[in-house]
Structure formats: structure tokens, C-alpha cells
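Right, one structure below, let's go through it.
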């Protein structure tokens, strides 16, 4: 039985959400889709978020966050309020809501904005990947939990991040592997350092 996944996305990227849902229908990915497919009819923002938490997020275990060009913190609270709250609810660990693993999927039009090559390190004399996960590219709820705590090292390793990051093309080839990686983060030590509402 697959993991119960909630897909957090901006309406401009809905085609990618539908692609993932088609993989479920064709048994390409072993997941149970807990995504919101029809808008909740209400003007009450608190009611909408309560319904999303209760009906969609409460029993999901992985949140797939589609990272497109409309997902940055710099677009402001009003523009990002729903995806910010979806990720906050996904990161929260409490009664009736266990923390989800977070899988960030970088959509093709964002590859060049996020993946910036490598740079030599003056400390370890190796090369480190430059990955631009900042307010310019993603909301804080993802960014602060991707670069969570490098524990004094010169670079972040996989164990220093709560969020998993993958390019769309790689995710498309092996979705189950990345969903499983995000699910497994829930029980790793870094989960104790998660920031639900980053400043």
C-alpha cells in the first residue's frame, strides 16, 4: 500500500499535479492521492484551511510541493497564504496531525533558477553544489527546512535537511523512490529540528 500524499501547488502548475494523478491511475506511482481537486466554496480563509487540514492533510504522510515560478516568498503573504499554510500544517506534529515528509519537485521552468552549478570550497577544498533555495525561489516553509542545520560544517548534507528536493525529470522516472525518501525523513533526527512557522 502506497503512502498517502497531498500535493501542494499553485494553480499555474496544475498540469503537473494532474500528471502525477494520472501516474496513480496508471499504477506508475504507488501512492494514495489525498489532494484537493475542487476548490472549497467559502470566502472564510480560516474555514478553508481547517477543511484542508481535517479532510486532506490529517491522514496524509507526504506532501509533494510543486516548485514553479509562482512559489516564492517574495510574492508576499496574500499571494502565498494557501501554500504557506498547507506546508505549515504538513510540518506540524501534534494531536490529530502527524508531521508529513516534504518532497519539493522543481518544475522544468525553474531548473536554471534553482540549480546554479558548483563552487570550490575554501574550507574542505572540495566542490559544493549551489542550489538556490531562498525567498527568491520558494516560500520560507520549504526553504528554512531544506537548509535547516548544517551543524557547523562547511556545507549541508542530506542529513542536515528535512525537505527532499528533486528535479521533475528525475521524479518522473522514479516517483516512488523520492516519496519514500520524504516519508523516511519523519523518523530521522533532523525531524526534531523542523521549523513549522519560520520567520
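The values are calculated or read from the model by the stated rules, or taken from the named source; none is laboratory data. Every value quoted in this text rests on a predicted model; they were computed, and no experiment measured them. Virtual Cβ from ideal backbone geometry, glycine too; neighbours counted across all protein chains shown.
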Those residues of the stretch 44-79 that are farther than 16 Å from residue 146 by Cβ, assigned to a helix (DSSP H, G or I) and out of contact with any strand residue (DSSP E or B) (no Cβ under 7 Å at 6 or more places or on another chain) come to a total of 15
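The rows are residues; the columns are (1) farther than 18 Å from residue 87 by Cα; (2) more than 15 Å from the chain's Cα centre (by Cα).
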| site | (1), (2) |
| --- | --- |
| 8 | no, no |
| 17 | no, no |
| 22 | yes, yes |
| 25 | yes, yes |
| 38 | yes, yes |
| 50 | no, yes |
Checking residue 156 against (1) surrounded by 14 or more Cβ atoms within 10 Å (Cβ to Cβ); (2) touching a residue at least 12 places away in the same chain (Cβ under 8 Å); (3) part of a loop (DSSP other than H, G, I, E, B), the condition it does not meet: (2)
Say whether the condition of being under 24 Å from residue 71 (Cβ atoms) and assigned to a loop (DSSP other than H, G, I, E, B) is met by at least one residue in the stretch 110-132. yes
Among the residues of the stretch 29-43, which ones are touching a helix residue (DSSP H, G or I) at 6+ places or on another chain (Cβ under 7 Å) and either assigned to a loop (DSSP other than H, G, I, E, B) or surrounded by fewer than 18 Cβ atoms within 10 Å (Cβ to Cβ) (or both)? 29, 30, 34, 35, 36, 40, 42
Given 96, 112, which one is more than 19 Å from residue 144 (Cα to Cα), surrounded by fewer than 20 Cβ atoms within 10 Å (Cβ to Cβ) and at pLDDT below 95? 96
How many residues does the stretch 142-157 hold that are within 23 Å of residue 68 (Cα to Cα) and out of contact with any helix residue (DSSP H, G or I) (no Cβ under 9 Å at 6 or more places or on another chain)? 2
Inspect the stretch 75-86 for any residue being more than 17 Å from the chain's Cα centre (by Cα), surrounded by 14 or more Cβ atoms within 10 Å (Cβ to Cβ), without any contact (Cβ under 8 Å) to a residue 24 or more places away in the chain and more than 24 Å from residue 183 (Cβ to Cβ) and give the result as yes or no. yes
Give the residues of the stretch 159-185 that are surrounded by 14 or more Cβ atoms within 10 Å (Cβ to Cβ) and outside any helix (DSSP H, G or I), sorted by residue number. 161, 162, 163, 164, 165, 166, 167
